[in-house]
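This report concerns only the one structure given below.
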Amino acid sequence: MNDSPPGDAGLRFAEPHAPIDFEPYRQSYVLPQWKDTRGLYRKRPSRELGTARNEDKAAYFSPEIMVREWDRLWTRVWLLVGHLSDIPRPNAFMKVDRGPESILVVRGEGDTVRAMYNVCQHRGTRLVVQDFGSATKFTCPFHKWEFSNTGELLKITDRETFREESLCHGLDLPKVRSAVWRGWVFVTFDDDAAPLADWLGEEFIDLARAYDFEKVLRIRDVQQEWPVNWKTAHEAFLEGYHVQATHPQLLAAVDSYHAQTNLLDNGHGHSVYQFMSPAPPPHQPTRMPDGLCEENRIFLREAGIPETEWPRHWSEVPQAIIKAKLAKKDYAIDYSKFSEGQLVDDWNLGVFPTTEMFLHPEGFFLQNWLPHPTDPEKCFYQVQVYAVPGIGELPSFMAVENADFSGKRVLPRTYIEDDDLENLGPVIKQDRLINPRVQQGLHSRGFKGAVYSEQEIRIRHFFAEYYKYMRGEET
């Protein structure tokens with residue numbers, strides 16, 4: 001009887017090799033964080049996902065698979081598309097483009113939203129091209145048909161020239177299903193999809209409970225086209241394994257080796273990266289100072305600790321920050337809601353299939369890798385930063401300067417040229433430079449398929465869910 005996981009039959013180790021004692025690493029990624037009365041750092045049971053190579057290289061460049069992904073995956077899941085603060089008042093709208101589709105999301109009364117396809121029912125013209133705005137009606141620029149912002153057809157230019165029978169086809173803007181969870185706006189093209197809360201799942205919702213999602217404003221929004229498949233780019237943000245090679249400047253302040261990863265239902269994921277702790281040997285910088293690195297200093301400043309009171313050694317920084325934050329009263333954030341570890345660590349909640357939310361009490365770094373409408377070897381990288389008004393500094397990787405917290409205007413989206421890497425920030429710039437080399441290598445006859453470490457288990461978890469949709473097995 002073969003007890004190997006599916007696809008592992010005949011698996012052979014590369015030569016030469018020696019027996020590997022995996023257990024020390026398995027134990028090390030259960031983080032022994034400070035006071036955690038809520039059990040948020042409890043390691044969830046792992047899942048047996050096998051060890052076979054991922055030989056499906058065509059998924060990264062096949063036009064046929066790109067079309068199948070749209071029909072079987074993208075149109076069947078809930079997609080996080082924005083926040084209520086992006087459409088702060090009744091009649092405010094945002095345009096959302098995903099793959100070949102464009103929709104309009106309009107704010108109603110209270111926290112309600114409605115969504116509809118951004119396409120005139122006369123000849124198919126896109127009604128709106130701006131990302132954000134406010135309107136009580138939408139007018140087609142081609143022939144001036146008018147629709148209310150609830151989707152009803154209001155006016156047909158020269159109506160008398162149409163035969164009455166041609167206007168009996170249901171010409172209102174078709175609706176798209178939408179929902180709001182704690183300020184975040186989601187849409188799905190699938191009328192039969194499970195309710196949003198069920199799809200997110202109890203563990204996901206519990207892990208996110210302390211963060212002030214409802215209070216935030218968007219203070220950064222950048223989009224750029226990348227010359228890679230959306231999965232190629234996304235995978236780099238599902239693991240911290242590449243930090244030691246791609247982001248060496250982070251090694252003094254981020255222990256990605258001991259990241260704790262939890263695999264959640266419906267393809268969602270949770271990763272905790274220890275900030276304020278350097279990478280362990282052999283990845284620790286050869287000249288790791290006994291003093292403080294720049295990220296230490298940023299977090300100490302953000303916590304409001306006077307420089308004269310800064311600790312002298314990096315190992316004392318986390319407790320100093322925790323103590324200072326918990327001592328704050330009448331502040332923009334109630335730090336007592338959080339586990340102590342959350343006050344210094346980077347919490348990453350992944351929303352399947354392509355949203356990663358890097359969470360700190362003060363702000364949230366959201367990334368999406370969106371499918372190109374026609375080319376499987378291109379995608380749109382979108383990074384957004386939402387933050388709680390009244391806070392101090394954010395981590396430097398969020399690349400935010402001179403943020404506008406007034407709430408008087410809705411921040412426009414910035415579209416940057418392909419060769420403009422500086423606007424990405426130093427960390428994302430490094431990912432943007434390495435990813436095309438991955439995309440090129442995927443075409444090689446000499447590459448037989450990806451091999452994943454346990455540091456990359458969320459990639460294997462992603463594909464387990466991905467193939468459920470591609471095979472039509474999702475429930």
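The values are calculated or read from the model by the stated rules, or taken from the named source; none is laboratory data. Since this is a predicted model, take the numbers as computed values, not measurements. Because the Cβ atoms are built from the backbone with ideal geometry, glycine has one as well, and the counts that use them run over all protein chains shown.
Residue 96: out of contact with any strand residue (DSSP E or B) (no Cβ under 6 Å at 6 or more places or on another chain) and of a type in the set (A, V, I, L, M, F, W, C), yes or no?
Spelling it out, it is not the case that residue 96 is out of contact with any strand residue (DSSP E or B) (no Cβ under 6 Å at 6 or more places or on another chain) and of a type in the set (A, V, I, L, M, F, W, C).
Taking the range 144-183 as the search range and keeping residues that are of a type in the set (A, V, I, L, M) and under 28 Å from the mean Cα position of the chain (by Cα), which one is surrounded by the most Cβ atoms within 10 Å (Cβ to Cβ)?
176
When you check residue 172 against the structure, is it modelled with pLDDT of 95 or more and farther than 30 Å from residue 38 by Cα, yes or no?
Yes, satisfied.
Among the listed residues 437, 458, which satisfies the condition of being closer than 16 Å to residue 242 by Cα, assigned to a helix (DSSP H, G or I) and without any contact (Cβ under 8 Å) to a residue 40 or more places away in the chain?
On the way: 458 fails: without any contact (Cβ under 8 Å) to a residue 40 or more places away in the chain.
Among 437, 458, only 437 is closer than 16 Å to residue 242 by Cα, assigned to a helix (DSSP H, G or I) and without any contact (Cβ under 8 Å) to a residue 40 or more places away in the chain.
Would you point out the residue of the range 273-308, among those that are among the aliphatic types (A, V, I, L, M), surrounded by 15 or more Cβ atoms within 10 Å (Cβ to Cβ) and more than 27 Å from the chain's Cα centre (by Cα), that is modelled with the highest pLDDT?
305
Would you point out the residue of the range 75-132, among those that are of a type in the set (Phe, Trp, Tyr) and in contact with a helix residue (DSSP H, G or I) (Cβ under 9 Å, 6 or more places away or on another chain), that is farthest from residue 218 (Cα to Cα)?
Top of the filtered list is 78.
Table: residues versus (1) in contact with a Pro (Cβ under 7 Å, 6 or more places away or on another chain); (2) in contact (Cβ under 8 Å) with a residue 40 or more places away in the chain; (3) among the hydroxyl-bearing types (Ser, Thr, Tyr).
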site	(1), (2), (3)
284	yes, no, no
293	no, yes, no
298	yes, yes, no
322	no, yes, no
342	yes, yes, no
349	no, yes, no
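Out of everything in the range 440-455 that is of a type outside the set (A, V, I, L, M) and in contact (Cβ under 8 Å) with a residue 60 or more places away in the chain, what residue ends up being nearest to residue 247 (Cα to Cα)?
455
Looking at 68, 53, 98, which is the one that is out of contact with any Ser or Thr (no Cβ under 8 Å at 6 or more places or on another chain), under 30 Å from residue 233 (Cα atoms) and buried (at least 20 other Cβ atoms within 10 Å of the Cβ)?
Going through 68, 53, 98 in turn, just one is out of contact with any Ser or Thr (no Cβ under 8 Å at 6 or more places or on another chain), under 30 Å from residue 233 (Cα atoms) and buried (at least 20 other Cβ atoms within 10 Å of the Cβ): 98.
What residue, of 395, 389, is touching a residue at least 24 places away in the same chain (Cβ under 8 Å), surrounded by 18 or more Cβ atoms within 10 Å (Cβ to Cβ) and either in contact with a Cys (Cβ under 6 Å, 6 or more places away or on another chain) or not polar (S, T, N, Q) (or both)?
Checking each option against the conditions leaves just 395.
Which of the following residues is touching a residue at least 12 places away in the same chain (Cβ under 8 Å), closer than 21 Å to residue 349 by Cβ and out of contact with any Leu (no Cβ under 7 Å at 6 or more places or on another chain): 228, 243, 216, 272?
So the residue among 228, 243, 216, 272 that is touching a residue at least 12 places away in the same chain (Cβ under 8 Å), closer than 21 Å to residue 349 by Cβ and out of contact with any Leu (no Cβ under 7 Å at 6 or more places or on another chain) is 216.
Given the condition farther than 30 Å from residue 72 by Cα, in contact with a strand residue (DSSP E or B) (Cβ under 6 Å, 6 or more places away or on another chain) and among the aliphatic types (A, V, I, L, M), answer yes or no: does some residue in the range 340-356 qualify?
Within the range 340-356, one or more residues are farther than 30 Å from residue 72 by Cα, in contact with a strand residue (DSSP E or B) (Cβ under 6 Å, 6 or more places away or on another chain) and among the aliphatic types (A, V, I, L, M).
May I ask you to verify whether residue 419 is modelled with pLDDT under 95, assigned by TED's automatic domain parsing to the domain that holds residue 58 and over 26 Å from residue 337 (Cα atoms)? Outline the logic, then answer.
Working: modelled with pLDDT under 95: yes; assigned by TED's automatic domain parsing to the domain that holds residue 58: yes; over 26 Å from residue 337 (Cα atoms): yes.
Yes, satisfied.
Can we say residue 328 is farther than 30 Å from residue 224 by Cβ, among the charged types (D, E, K, R) and part of a helix (DSSP H, G or I)?
No.
Filter the range 446-455 for residues that are over 11 Å from residue 261 (Cα atoms) and not in a loop (DSSP other than H, G, I, E, B) and give the result.
Residue satisfying the conditions is 450 alone.
Every residue in the range 174-193 that is of a type outside the set (D, E, K, R) and free of Cβ contacts under 8 Å to residues at least 60 places away in the same chain, please.
Matches in the range 174-193: 174, 181.
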